[in-house]
1. If you go through region A:148-184, how many residues are small (Gly, Ala, Ser), away from ligand 2 (no atom under 16 Å from the Cβ) and crowded, with 16+ Cβ neighbours inside 10 Å?
2. State whether one or more residues within region A:11-18 are within 16 Å of ligand 2 (Cβ to nearest atom), crowded, with 22+ Cβ neighbours inside 10 Å and either at pLDDT 95 or above or of a type outside the set (S, T, N, Q) (or both).
3. Just for region A:166-188: of the residues that are within 16 Å of ligand 1 (Cβ to nearest atom) and within 14 Å of another protein chain (Cβ to nearest Cβ), which one is farthest from residue A:40 (Cα to Cα)?
4. Spot the failing condition for residue A:143; the list is (1) surrounded by fewer than 20 Cβ atoms within 10 Å (Cβ to Cβ); (2) within 14 Å of another protein chain (Cβ to nearest Cβ); (3) at pLDDT below 95, and only one is missed.
5. Quick one: which of A:89, A:81 is more than 11 Å from chain B (Cβ to nearest Cβ), free of Cβ contacts under 8 Å to residues at least 60 places away in the same chain and aliphatic (A, V, I, L, M)?
6. Report yes if some residue within region A:75-86 is within 28 Å of residue A:151 (Cα to Cα) and part of a loop (DSSP other than H, G, I, E, B); otherwise report no.
7. Say whether the condition of being part of a helix (DSSP H, G or I), surrounded by 20 or more Cβ atoms within 10 Å (Cβ to Cβ) and not aromatic (Phe, Trp, Tyr) is met by at least one residue in region B:144-160.
8. Can you tell me which residue within region A:20-63, out of those that are assigned to a loop (DSSP other than H, G, I, E, B) and within 11 Å of ligand 1 (Cβ to nearest atom), is farthest from the other protein chains (Cβ to nearest Cβ)?
Amino acid sequence: MSAGSTGSASASAPPVMLRVHGLAARYGAIEALREVSLEVRVGEIVSLIGANGAGKSTTLMTISGIVRGTSGSVEFEGRRIDGERADRIVAGGLAQVPEGRRVFPRLTVRENLEMGAYLRSDDLRPDLARVHELFPVLAERANQLAGTLSGGEQQMLAIGRALMSRPRLLMMDEPSMGIAPLLVARIFEAVQELNRHGLTVLLVEQNARAALKLSHRAYVLETGRTTFTGSGAELLGDDRIRRAYLGEG
Amino acid sequence: MEWVDFFLQQLITGLSNGMIIALIAIGYTMVYGIIELINFAHGDLFMLGAFLALTLLGMLGLGDWSGASAWAAVVIMLIASAGFCGALNWGIDRLAYKPLRSASKLSLLVSAIGASFILVNLGLFWGGLPMDVFAGGVAAAAPKDFPALVPNTNLLGEESLVQFTPKDVLVWVVTVPLMIGLTWIVTRTRLGKAMRATAQNPVAARLMGIDTDRVIGATFLIGGALGGFASVIYSLYNNTISFQMGYRAGMDAFTAAVLGGIGSMPGAVAGALVIGLVRSMSDAYLETRWTNTIVFGILVLILIFRPSGLLGSRVKEKV
Ligand SMILES: Nc1ncnc2c1ncn2[C@@H]1O[C@H](COP(=O)(O)OP(=O)(O)OP(=O)(O)O)[C@@H](O)[C@H]1O
Ligand SMILES: [Mg+2]
């Protein structure tokens, strides 16, 4: 387990879908990312864990093209996407469920889901049906304003909305934040279910234990640098990680 | 019952003027809703629309307009001014506001005030052009007569004390379909939903693949076009225009937008009808010199006691 290591990829390992290399980003004078490097392979759930302010959200926002990186590169399915417009990146198959959900409060649940499919012009019904199957509550609340949903329901809506663009890679930023434990379990189950059906996931979590349990691999982010990487089980067993992120003495 | 007739007359005048103010107010409220900018240049954009309309009339010839040719000229002016103001507003966003998207709201506001100065001076310059319609440009700053293409005959009969004229008809025939069309765009179309999404959470909108700069540009285009329509019906209703008219019209419309809860389109229309009525009632029952004071008084009171507007919700719905 070493800084910047890309893991032990054997010849049969699935191809790399997302490769972030030496990414840096700043907000004015604040250096939020110094050197972030990570890889996500096709079919994986990879999690990114780290303390408050480590730069997890900034990493996702930079990959999504909302924050401009100052150096480094982002490659998605073999194509450079750093510097590309956010809407082009979504069109390319990379979606994000942002921190704090960011649903459109005065659009209905249905309209929120439609916005997720903004770039598509084909029939949305199969996708709506799939999202409703995953989160039945969204079907019941279809005509309700999203701002009136509970936090957990809003999180489901945010995930459903991102799925409507038919992404191949879904990045999720703290989907468990501020949500009752029962719903957290439901949401993590949904993530695994989606992954079994072929969705590749990059998961940011404060809830490191839960994240590591469901991830194939994970990266640790410390003050804007990726410092450790390994399989979920490896990190769960690592003393330093247990002390720093799993709250064990 | 003479006082009833008198009151009805103020009602008609007030509501017709209110509908004109409403078209301008929608432009304020749409832009505020999407980028939280009070677009101070909006009233002056409206003024330039009127100047374009008058210039066009001058180019078409200032003969005796009547019947079909007058209505054709009205339609031409409406389309030209709407297109012109829409394009100009879009261009102003591009040049003066878009580079400041991530700057502070104050920088944006100062940029809008600057744009307003530029437009006012363009109007002054324009009014000084040596054209017949501008009285040969002798007095650039002087108010210009706008030909009475739409007659002032009373549709309720010459003996009626209440006047309802083709001018009033023009106002309603233009504004109501525009408002219905706009409502349809905003609530039903893909662009309209993208506009609302961008207004409610611009980052999330971008994460959904919405090109928010284009959506904002479209908002300026639509808001500007409505101001262009308003400029033509205003000019035909009042028959005089001046390079300073954008100031008062802008303040009326801004007050209307604030009154109805800035950011809300139905609110802007309701607020504009109230302002139109307040103006006509004040003109009639008090004195015209009090009218501006009353309108500004309303603006100040609302800003102090109920900044979210009479219809707006008190709580800000930012997540
Ligand atoms: N819009 C912003 N303007 C200025 N600084 C910011 C902004 N957003 C984040 N930062 C700073 O950048 C650093 C990284 O923030 P980021 O939100 O990426 O961390 P995070 O790992 O997601 O934290 P959390 O676990 O609290 O969500 C922090 O120091 C933060 O204060
Ligand atoms: Mg974060």
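1. 4
2. no
3. So the residue we want is A:178.
4. That leaves (3) as the condition not met.
5. A:81 is the lone residue from the list that is more than 11 Å from chain B (Cβ to nearest Cβ), free of Cβ contacts under 8 Å to residues at least 60 places away in the same chain and aliphatic (A, V, I, L, M).
6. Looking through region A:75-86, none of the residues is within 28 Å of residue A:151 (Cα to Cα) and part of a loop (DSSP other than H, G, I, E, B).
7. No, the conditions are met nowhere in region B:144-160.
8. Of everything passing the filter in region A:20-63, A:51 is farthest from the other protein chains (Cβ to nearest Cβ).
The values are calculated or read from the model by the stated rules, or taken from the named source; none is laboratory data. These numbers were taken from a predicted model, which means no experiment stands behind them. Note that each Cβ is placed from the backbone with ideal geometry, even for glycine, and that neighbours are counted across all protein chains shown.
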